[in-house]
Amino acid sequence: MTSTHHDANASASVCTADPSTATRVWDQLSEDARMSRDEPLVAGLVLDLIDGCDTFAESLARLAAARIATPEIPRHVLTKEIHAVLAAHPPLMDAVAADLQVSFERNPAYPNHLVPYLFAKGFLGFQIHRVAHEMWNAGRVMAASFLQSRVSEVFAMDIHPAARVGSGILADHATGIVIGETAVMGDCVSILQGVTLGGTGKEDGDRHPKVGNGVLLSAGSNIIGNISIGDNAKVAAGSVVLFDVPPFTTVAGVPAKVVRVGEPDVIPAEDMDQSIAR
């Protein structure tokens, strides 16, 4: 991927939830859908999930429900419940749009916005988590737990409904992502497959990592305990992080050690350079 440099103090505005981003992204999805109608295999899918929807929220509710419905809790029931949460919390769709925009921008494998929207499990898994999180906060523990369970079963991502997640998140590949109950993830984070934000197993209460803005969590990395990963830090693939990581710092190894102090104008989550040389 071609690297891009940014002002870290003014991290790309798309990472921040914004109503104008949601409008632009929905318009782009509609245009991508128009360009995809000639493909007979997906024509019905596009009609159901894009062309047949009046709003971005309605589309997402249908999409999420289609992926995680069960015989006991069918699609139409889930669509109604998910849409109700999205409608009651308008900023959720702004975060959804920010996630989709950065997914397209950071991953050169996506030819348009429609591909990650319909087919990237990491993207959809995090959006269902956003709904589960609002249910959890509203005291709907069983409903939130159902959504968590289905995301785990269908997408192989296990995100506790209480975990707090920012906007502008890229979850690339996503298989094996585990995020614990008291974990916090900031804005503009890229998280790859096999990443764990876990506890030590010996604590209760606030026991999971706090990840800052602009952080790159590379494949297979494990961040354990109530520790902080500073803004614009990078965790190398396969690392086990047990202590706080300062901002603008790259750590690698088992256990992880500082291998580089980065440049303040580089945001690792956007740069997506997984080497430890820079």
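For region 168-278, what relative contact order do you get, as a whole percent, if you take Cα pairs closer than 8 Å and at least 6 residues apart? It rounds to 20 percent for region 168-278.
Show me 78-85, 59-66 ranked by packing, highest mean number of other Cβ atoms within 10 Å first.
Numbers: 78-85: 19.2, 59-66: 22.4.
My ranking of the peptides, most packed first, is 59-66, 78-85.
Build a GNM of the chain with springs between Cα atoms under 10 Å apart, and of Lys202, Lys257, Lys121 the one that fluctuates most is Lys202.
Dividing the mean sequence gap of close Cα pairs (under 8 Å, 6+ apart) by how many residues the chain holds gives a relative contact order of 15 percent. Once every DSSP H run of n ≥ 4 in the chain is given -39500 (n - 2.57) and the sum is divided by its residues, what mean residue ellipticity at 222 nm do you get, rounded to the nearest 500 deg cm²/dmol? The helix-only estimate for the chain comes to -12500 deg cm²/dmol at 222 nm. All C-alpha pair distances within region 17-156, sorted into 10 Å bins from zero, spread as 12, 44, 35, 8, 0 percent across the bins.
Sequentially through region 77-92, phi angles give Karplus couplings (6.51, -1.76, 1.60; θ = phi - 60°) of 5, 5, 4, 4, 5, 5, 4, 4, 5, 4, 5, 6, 10, x, x, 4 Hz, Gly and Pro residues having no value and appearing as x. For region 168-278, build the charge dipole from Cβ charges (+1 Lys, Arg; -1 Asp, Glu) around the Cα centre, then report which of Gly253, Ala233, Val266 sits farthest towards its positive end. So the residue furthest toward the plus end is Gly253.
Counting Lys and Arg as +1 and Asp and Glu as -1, what is the net charge of the other residues whose Cβ lies under 13 Å from the Cβ of Arg140?
On the way: positive: none; negative: Glu81, Glu134.
Charge balance in the 13 Å sphere: -2.
Express as a percent, rounded to the nearest 5, the fraction of DSSP beta bridges in region 168-278 (both residues included) that run antiparallel.
Working: 4 of 25 bridges.
If we restrict to bridges inside region 168-278, about 15 percent are antiparallel.
For region 33-181, averaging the sequence separation of C-alpha pairs within contact (under 8 Å, six or more residues apart) and dividing by the residue count gives a relative contact order of 20 percent. The long axis of helix 141-155 is offset from the longest Cα principal axis of the chain by roughly 80 degrees. Here the Karplus curve 6.51 cos²θ - 1.76 cosθ + 1.60, taken at θ = phi - 60°, turns the phi angles of region 211-226 into couplings of 9, x, 7, x, 7, 10, 9, 6, 4, x, 7, 10, 10, 10, x, 7 Hz, with x standing for Gly and Pro.
Where both bridge residues fall in the chain, DSSP classifies roughly 15% of the beta bridges as antiparallel.
Under 1.5 on a/c is rounded, so check that first for the chain, then, if it is not, pick prolate when a/b is larger than b/c and oblate when it is not; a ≥ b ≥ c are the square roots of the alpha carbon gyration tensor eigenvalues. Could the numbers behind the result be given before it?
Details: a/c = 2.00, a/b = 1.37, b/c = 1.46.
Oblate, because a/c is 1.5 or more while a/b does not exceed b/c.
Note on region 168-278: semi-axes of the ellipsoid equivalent to its C-alpha gyration tensor, largest first and rounded to whole Å, are 20, 14, 13.
In region 208-264, the inverse of the mean reciprocal separation of distinct Cα atoms equals 10.6 Å; this is its Kirkwood hydrodynamic radius. What separates the Cα centres of region 207-267 and region 130-198 is a distance of 19 Å.
Using a Gaussian network model of the chain with C-alpha springs under 10 Å, which one of Ile227, Ile177, Ile191 is most mobile by mean-square fluctuation? Highest fluctuation among the options: Ile227.
Working note: Karplus 6.51/-1.76/1.60 with θ = phi - 60° gives region 123-129 the couplings 4, 5, x, 5, 5, 5, 4 Hz, where Gly and Pro are set to x.
No value in this document is a laboratory result; all are computed from the given coordinates. The structure displayed is predicted, hence computed values, not measured ones. For neighbour counting, all protein chains shown are included, and Cβ atoms are generated from backbone atoms with ideal geometry for every residue, glycine included.
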